[in-house]
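Asker: Here it is: the structure, laid out below.
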Amino acid sequence: MSEPATQATTVGTVHHLDDHRAGRTAPVVDLNKPTPDTDPTPAIDAKTSPAVEAVDRANNPLADWLTVPDAPVLPAWARSRASVIANVRAFGRLTWWHTRYHGFRTPKYLVKTVLLAARGFFRAAAGLWPTLSAQDHTATVKALRAQVKARPEDIDLAARLQAAHYARTQTRRWRFGAAAVAVAAAVGGVLLAPPLLQAGAAAAVVTPLAYLGRGKETRLLDQAAPPLKVDMSAQQLNDALRAAGLLKSGSGKDEKDLPKVHCTMGPVRDGRGWAVIFDLPRGGGKTASDVLAKREVIAQELGVDEIQVIMSRVRAAKGGNAGRVSMWVADDDPYLGPLNPSPLEKVEKFSIWDAVPFGQDARGNRISVPVMWQSMFFGGLPRRGKTFSQRLLTAAGLLDAYVRHYVADGKGGADWMPMKAVAHRLIMGAEDDAIEALKAMLQELLAEMERRFALLRDLPTSVCPEGKLTPDIMVKYNLPVIFVTIDELQEYFTAMEREDREQVINDLCRIARRGPAAGFISNFASQRPDAESVPAKLREIITIRYSTQVVDRTSSDMVLGKGKAAQGADASVLSEDHKGVGVLVTGPASYVTVRADYLDGPTFAGLCRKGRVLREAAGQLTGDAAGDVTAAADAAGLSVPAIVSDVLEVMRHSPRMFTTDLLAGLVNLDEDEYGDFNAERLAAELEAAGVKRTSKQVKISGANGAGYQRRDIESAMPAEVLLSVGR
């Protein structure tokens, strides 16, 4: 039941008493009517009286008592099925680890137990010896002994002392003898007993003796977990924030009068680190954003590296405010360790409409990236895993038959070569012919985008309610998702003339800005994207950004966006050891440092072959992939000489090519393999592979020279492959 309009100004938690006040009509306060001076209760309007009343009425004496606490019933780890399963699995892994750790050390523990038992036996013997040797005498014996010392000549007194001592020790001697006989018999029995009983008896004797022999600092078991590098407390946190200038320090003030943060949770142990959620004190003029900007200083004050400090704001949607910060401090570097294999390796099919598994954060949580309606940009230094991370998103599209790939690799290496089995368009390198092919590809994409918008505009709202692509429209009208992947953008821009460069930039901006509604996904990558290599007007319209290690905060902002480093999204804090680790920005105030999943070259090639099979079955194998003879041979399981496959790859955009250009392309493709090739060796290798040249001269742009025809190279392919691609 909703509250009446007159109650809209009530502040506090409202709790209805329907359960125990059924049938009772309670008054409602009408704030618009005047009340008599003698009646402190506002007037009652019977016509608008609901069946319940609010607990927090000013004149309700039970208001405080009946207020429902604003606290969760279950702990954080037990609020979802996934969390419970994850914690149970973690407990199982921990138990198995400790079992193996201590199992290997069992011989050491046995030796240590025997040594402790020996010390315990010594302590027991030393403690019992005064009793066994009758050194503890009665008061009578002690008095007689004193008298004998005083009068040694008194024979009667000495006889009395001897008789008293004999009476004192007679029973003890019998008991000691009986005990010795019993122990000897027990030892003899144990020696004759089965081995299992002997082990049990030995444990029954050794265990109490080892317990007796222990010391205050003695530990039987080794310390399984390494000592914590961080042992955070609320006082440490306050000191760190005060040193960072986020809390007032004050000179000469008593420590208890200094402002402190209010910890709404923790500090508590959380996995391999410490977690705390705190509110900054009011009156200091500091916000959560100020804390994030001081990450390096806070890390130094806590005695850790800044890569170990993970901080974020707690927004209002999660009960936070502008001064609430969630912080997790890892015991060690959380981004090192074994590689995370991509879940895509074991997936047969994938829908690009779902979020793509991308990696894990510092605490091991799975990070997935929704790519539909998005454009993406990857940046960072060479050999830090930039291309491998970019390939993860494209790889997800391989497993969806209704994804059409357009791929351009400015470097022209082997990273994207397996895409020839799937890609509708594949451009390798940044030579003149590749640049022309890139320009033609962009024009094709723009024409397809306009065609789709025209089609979507004409569809009824019952079919296309939001004017953009849907899964049903995609299948019904054969409009597959367009996945545009361009790696090493700077190679294209630096190789182009100014006019071509401006045109290509404008085309890319149009695709990234308008394309998502028509089912276009842009996936661009570059090294440090300065104004010359990748202009800001293209970078600034990209919605999702990812940066591996860069040299400084300025470079980090170039990839992730202006001002992101000040907010805590700083890729310059990563080191050379953090390969495949980067900062992922998914929104104006959303970022996370991610250790990307690992998908190596052979696995990526396997996914490409799997994607080709899916497209052939769905009738979606189109463009360059449909006519690629080497990809068709791979799919058919036929062996093709490497020299033939590589030459066709270099000549992908050209029907004919001069020998000098072909050799340069082969060296760029694989310098280790073709670095020593010359024209004579190339001709010999191709002839041995079955290539028959119809002419040794080719004419290109009016110039004649030694070269090759692509059709001559293709003629060396198996006949069934040529038939499958219509050659």
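The values are calculated or read from the model by the stated rules, or taken from the named source; none is laboratory data. On a predicted model such as this, the values are computed, not experimentally measured, just so you know. Every residue, glycine as well, gets a Cβ built from its backbone with ideal geometry; the counts of neighbours run over all protein chains shown. Areas reflect the complete protein model, heavy atoms only, side chains present, ligands, DNA and RNA absent. Shrake-Rupley method; radii C 1.70, N 1.55, O 1.52, S 1.80 Å.
Asker: Can you confirm whether the stretch 460-467 contains a residue that is open to solvent by 50 Å² or more (accessible area, probe 1.4 Å) and within 19 Å of GLN374 (Cβ to Cβ)?
Answerer: Yes, because at least one residue in the stretch 460-467 is open to solvent by 50 Å² or more (accessible area, probe 1.4 Å) and within 19 Å of GLN374 (Cβ to Cβ).
Asker: Filter the stretch 545-561 down to the residues that are within 24 Å of ARG513 (Cα to Cα) and open to solvent by 10 Å² or more (accessible area, probe 1.4 Å) and list them by number.
Answerer: ARG545, ASP557, MET558 - these are the residues of the stretch 545-561 that are within 24 Å of ARG513 (Cα to Cα) and open to solvent by 10 Å² or more (accessible area, probe 1.4 Å).
Asker: For the stretch 594-614: of the residues being buried (at least 21 other Cβ atoms within 10 Å of the Cβ) and of a type in the set (Lys, Arg), which is nearest to ALA395 (Cα to Cα)?
Answerer: That would be ARG612.
Asker: Ok, one more. Of these, LEU648, LEU662, which one is under 17 Å from VAL407 (Cβ atoms) and in a helix (DSSP H, G or I)?
Answerer: Exactly one residue qualifies, and that residue is LEU648.
Asker: On to the next question. Looking only at the stretch 580-593, decide whether some residue is free of Cβ contacts under 8 Å to residues at least 60 places away in the same chain and open to solvent by less than 10 Å² (accessible area, probe 1.4 Å).
Answerer: Yes, that holds for at least one residue.
Asker: Can you work out which of the residues in the stretch 624-637 that are over 37 Å from the mean Cα position of the chain (by Cα) and open to solvent by less than 50 Å² (accessible area, probe 1.4 Å) is modelled with the highest pLDDT?
Answerer: ALA626
Asker: Name, by its number, the condition in (1) among the basic types (Lys, Arg); (2) assigned to a loop (DSSP other than H, G, I, E, B); (3) under 20 Å from LEU336 (Cβ atoms) that does not hold for ARG595.
Answerer: (2)
Asker: State yes or no: is TRP96 of a type in the set (Phe, Trp, Tyr), closer than 30 Å to ALA275 by Cβ, at pLDDT below 80 and part of a helix (DSSP H, G or I)?
Answerer: no
Asker: Please give the helices (runs of 4 or more DSSP H) falling wholly within the stretch 474-540 in which 2 or more residues are over 20 Å from THR586 (Cβ atoms) and touching a Leu at 6+ places or on another chain (Cβ under 6 Å).
Answerer: Those helices (runs of 4 or more DSSP H) span 498-514.
Asker: Select from the stretch 195-207 the residues that are open to solvent by less than 80 Å² (accessible area, probe 1.4 Å) and over 48 Å from the mean Cα position of the chain (by Cα) and write down the one among them that is nearest to PHE122 (Cα to Cα).
Answerer: By that ranking, first place goes to VAL206.
Asker: Moving on to the next point. State the number of residues belonging to the stretch 308-342 that are touching a strand residue (DSSP E or B) at 6+ places or on another chain (Cβ under 8 Å) and not in a loop (DSSP other than H, G, I, E, B).
Answerer: 14
Asker: Related question: Please name all residue pairs, on different chains or six or more residues apart, with Cβ atoms under 6 Å, provided the first residue is in the stretch 487-513 and is over 13 Å from LYS537 (Cα atoms) and open to solvent by less than 10 Å² (accessible area, probe 1.4 Å) and the second residue is assigned to a helix (DSSP H, G or I) and charged (D, E, K, R).
Answerer: Note: pairs meeting the criteria are PHE493/ARG501.
Residue by residue, here is whether (1) at pLDDT below 75; (2) not β-branched (Val, Ile, Thr) holds:
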position: PHE121; (1), (2): no, yes
position: ALA126; (1), (2): no, yes
position: TRP129; (1), (2): yes, yes
position: SER133; (1), (2): yes, yes
position: ASP136; (1), (2): yes, yes
position: THR140; (1), (2): yes, no
position: LEU144; (1), (2): yes, yes
position: GLN147; (1), (2): yes, yes
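Asker: Just to be sure I understand, how many residues within the stretch 322-342 are hydrophobic (A, V, I, L, M, F, W, C) and either touching a Leu at 6+ places or on another chain (Cβ under 8 Å) or crowded, with 17+ Cβ neighbours inside 10 Å (or both)?
Answerer: Residues in the stretch 322-342 being hydrophobic (A, V, I, L, M, F, W, C) and either touching a Leu at 6+ places or on another chain (Cβ under 8 Å) or crowded, with 17+ Cβ neighbours inside 10 Å (or both): 5 in total.
Asker: Across the stretch 562-579, what is the total count of residues that are more than 19 Å from the chain's Cα centre (by Cα) and open to solvent by less than 10 Å² (accessible area, probe 1.4 Å)?
Answerer: The number of residues fulfilling the criteria is 1.
Asker: Can you name every residue in the stretch 665-703 that is part of a loop (DSSP other than H, G, I, E, B) and in contact (Cβ under 8 Å) with a residue 60 or more places away in the chain?
Answerer: Scanning the stretch 665-703 gives a single hit, ASP670.
Asker: Between a residue in the stretch 560-572 that is over 20 Å from ALA525 (Cβ atoms) and touching a residue at least 60 places away in the same chain (Cβ under 8 Å) and any residue that is among the aliphatic types (A, V, I, L, M) and in a helix (DSSP H, G or I), which pairs come within a Cβ distance under 7 Å, given they are 6 or more apart or on different chains?
Answerer: Pairs found: ALA566/ALA293; GLN567/LEU292; GLY568/LEU292.
Asker: Quick one: is GLU576 out of contact with any Pro (no Cβ under 9 Å at 6 or more places or on another chain), of a type in the set (Asp, Glu) and modelled with pLDDT of 90 or more?
Answerer: Against the criterion (out of contact with any Pro (no Cβ under 9 Å at 6 or more places or on another chain), of a type in the set (Asp, Glu) and modelled with pLDDT of 90 or more), GLU576 does not qualify.
Asker: Hey, another quick one. For GLY303, indicate whether it is touching a Gly at 6+ places or on another chain (Cβ under 9 Å), on the phi > 0 side of the Ramachandran plot, among the small types (Gly, Ala, Ser) and open to solvent by less than 70 Å² (accessible area, probe 1.4 Å).
Answerer: No: the conditions fail for GLY303.
Asker: Take LEU115 and decide whether it is open to solvent by 60 Å² or more (accessible area, probe 1.4 Å) and at pLDDT below 80.
Answerer: no
Asker: Condition first: under 11 Å from LEU489 (Cβ atoms) and more than 25 Å from the chain's Cα centre (by Cα). Now tell me which residues in the stretch 512-561 satisfy that.
Answerer: Within the stretch 512-561, PRO529, SER533, VAL534, PRO535, LEU538, ARG539 qualify.
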